[in-house]
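Here the structure comes first, spelled out in structure tokens, and everything after it is commentary.
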Amino acid sequence: MVNKSVKLYRGLQGVYFDRTRTTFIDGSNGILEYRGYNIHDLAEKSTFEEVSYLLLHGDLPNRQQLDTFNDSLKEARNLPAQIFSIIDEIKNSHPMDVLRTAVSALASFDEDRENDTVEGAIKKGIRLTSQVPTIVMAHHNIRNGNPPIEPNQNLNHAGNFLYMLNGKIPSQQTINLMDKDFILHADHGSNASAFTARVVASTNADLHGAITAGIAALSGPSHGGAAENVMQMAKEIESPEKAEGYVKTLLANRERVMGFGHRVYRSEDPRARHLKEGVKRLSAEVGQPHWYQILEAVQKAMSPYSRRGIHVNVDFFAGVIYYLSGIPQDLFVPIFAVGRIPGWVIQVIEQYEHNILIRPLLHYTGERERTYIPLKDRV
Ligand code: CMC
């Protein structure tokens, strides 16, 4: 029974459900701005800490504001002892499952647990921005039978994240690249995870609950998992000459080429080019230029699809950067989460500030008015 008068927007494609003052996206022209600042300026000139401040407070910080903000971030880098124990209990799970559980548990230990003001949400959000990298790397060390590595307060957010992997101070170039990656992932409008976080916030549930749900939504391959799959694809391709045949086979089987396509961008994802440069430089630097060449060959093989609006997206280049930075493949999605925390936090705050319960409709197409048959009479 299909009611033809009902207009369905499956996947809510093209539907505006609220207003935002945080992130502007023009998918046709490939434009992305955070709080009115073009992503290219932010990626080239800013730092993740400045961008986080910008997203949370609406303006770029001056020196003093940035110093204070940095201090709050650094202060929050450690975790309550109970969180390490929880991580240890579930250490054999996928890092995204561990992250989701640990963030959910953090709610119980946050000093602003009962504070449901916007200021409270910002304080919790700043803490989560710092705690999430520590959770990801602590889990990585614990699952390998090693103690978690203490945060290094001499390093910035990106540098400390990389440091907590193995206790080695990364090169400045590697830190800068990770910093850029975090900036590029910091927010992205009504993507699946931010929307999920908003749905939870719209019931007036707490920030940790909303972010926990956002992490769950991010974990799937259509959203956060693409970078991991791109790296897998690059490994399977093995050499640039094999890229075209590999891509053709995928497409002939009606499979998706990971790192391509986007619900919003019908032109190139503006975030992608910043990481492309990074892959080129890093793969040459470590003497493995074939990774860049493989990705270039895949991009070339996919070029006929640009006519259909299928272009390279941010995650196409991210995976190889993580791989060349020595990060295990199953930590690629958690890295996306590390960068995305400020975006989720501010979107949850926007939702609280002008709240309305998000409760759309489903058009029922099943059977109706059936006669109830008692259990004893059912065949
Ligand atoms: N490879 C091959 N064909 C594709 C791809 C792709 N990566 N993406 C879309 N298409 C085709 C799709 O098969 C469909 O063709 P047809 O109309 O003949 O059935 C058409 O394009 C439209 O696809 P869609 O699924 O309706 O588009 P969507 O807006 O729902 O999908 C997407 C968006 C990101 C889920 C999809 O492009 C995809 O699965 N890409 C690969 C995964 C990926 O790279 N995800 C990371 C996105 S960027 C990070 C983020 O912001 O989350």
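Listed values, structure above:
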{"item": "Output for region 138-170, where each listed residue is in a helix (DSSP H, G or I) and under 19 Å from E49 (Cα atoms)", "result": "H157, A158, G159, N160, F161, L162, Y163, M164"}
{"item": "Flag if G245 is more than 30 Å from S108 (Cα to Cα) and either open to solvent by less than 20 Å² (accessible area, probe 1.4 Å) or more than 10 Å from the ligand (Cβ to nearest atom) (or both)", "result": "yes"}
{"item": "Matching residues, region 244-268, being within 14 Å of A226 (Cα to Cα) and β-branched (V, I, T)", "result": "V257"}
{"item": "In region 307-343, the residues that are touching a Leu at 6+ places or on another chain (Cβ under 7 Å) and of a type in the set (A, V, I, L, M)", "result": "V314, A318, V320, I321, L324, I327, V333, A337, I341"}
{"item": "Residue match in region 195-211 (condition: open to solvent by less than 40 Å² (accessible area, probe 1.4 Å), more than 12 Å from the ligand (Cβ to nearest atom) and free of Cβ contacts under 8 Å to residues at least 12 places away in the same chain)", "result": "yes"}
{"item": "Residue count for region 165-187, restricted to those that are within 16 Å of R340 (Cα to Cα) and open to solvent by 10 Å² or more (accessible area, probe 1.4 Å)", "result": "2"}
{"item": "Y372 out of contact with any Phe, Trp or Tyr (no Cβ under 8 Å at 6 or more places or on another chain), open to solvent by 40 Å² or more (accessible area, probe 1.4 Å), aromatic (F, W, Y) and over 27 Å from R263 (Cα atoms)", "result": "yes"}
{"item": "Answer residue from region 250-285, given it is away from the ligand (no atom under 12 Å from the Cβ) and polar (S, T, N, Q) and is least open to solvent (accessible area, probe 1.4 Å) among those", "result": "S283"}
{"item": "Residue satisfying all of: in region 111-129; open to solvent by 60 Å² or more (accessible area, probe 1.4 Å) and in a helix (DSSP H, G or I); nearest to H354 (Cα to Cα) among these", "result": "E119"}
{"item": "The lone exception for S104 - which of (1) within 23 Å of the chain's Cα centre (by Cα); (2) open to solvent by less than 20 Å² (accessible area, probe 1.4 Å) it fails", "result": "(2)"}
{"item": "Single condition I86 does not satisfy, out of (1) in contact with a helix residue (DSSP H, G or I) (Cβ under 9 Å, 6 or more places away or on another chain); (2) over 24 Å from L218 (Cα atoms); (3) open to solvent by 20 Å² or more (accessible area, probe 1.4 Å)", "result": "(2)"}
{"item": "Those residues of region 214-261 which are assigned to a loop (DSSP other than H, G, I, E, B) and either touching a strand residue (DSSP E or B) at 6+ places or on another chain (Cβ under 6 Å) or among the charged types (D, E, K, R) (or both), in sequence order", "result": "E238, R254, E255, R256"}
{"item": "Test: residue in region 322-344 that is open to solvent by 20 Å² or more (accessible area, probe 1.4 Å), touching a residue at least 40 places away in the same chain (Cβ under 8 Å) and within 13 Å of the ligand (Cβ to nearest atom)", "result": "no"}
{"item": "Region 214-227 - residue that is surrounded by fewer than 24 Cβ atoms within 10 Å (Cβ to Cβ) and modelled with pLDDT under 90 and, of those, farthest from the ligand (Cβ to nearest atom)", "result": "G220"}
{"item": "Boolean, P240 is open to solvent by 60 Å² or more (accessible area, probe 1.4 Å) and outside the structural domain of P170 (by TED's automatic domain parsing)", "result": "no"}
{"item": "Members of region 72-110 found to be in a loop (DSSP other than H, G, I, E, B), touching a residue at least 60 places away in the same chain (Cβ under 8 Å) and of a type in the set (S, T, N, Q), listed by number", "result": "N78"}
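The values are calculated or read from the model by the stated rules, or taken from the named source; none is laboratory data. The shown structure was predicted, so the numbers you read here are calculated from the model rather than taken from an experiment. All Cβ positions, even for glycine, are placed from backbone atoms using ideal geometry, and neighbour counts span all protein chains on display. Just so you know, the surface numbers come from the protein's heavy atoms only, side chains and all, with ligands and any DNA or RNA stripped out. Shrake-Rupley method; radii C 1.70, N 1.55, O 1.52, S 1.80 Å.
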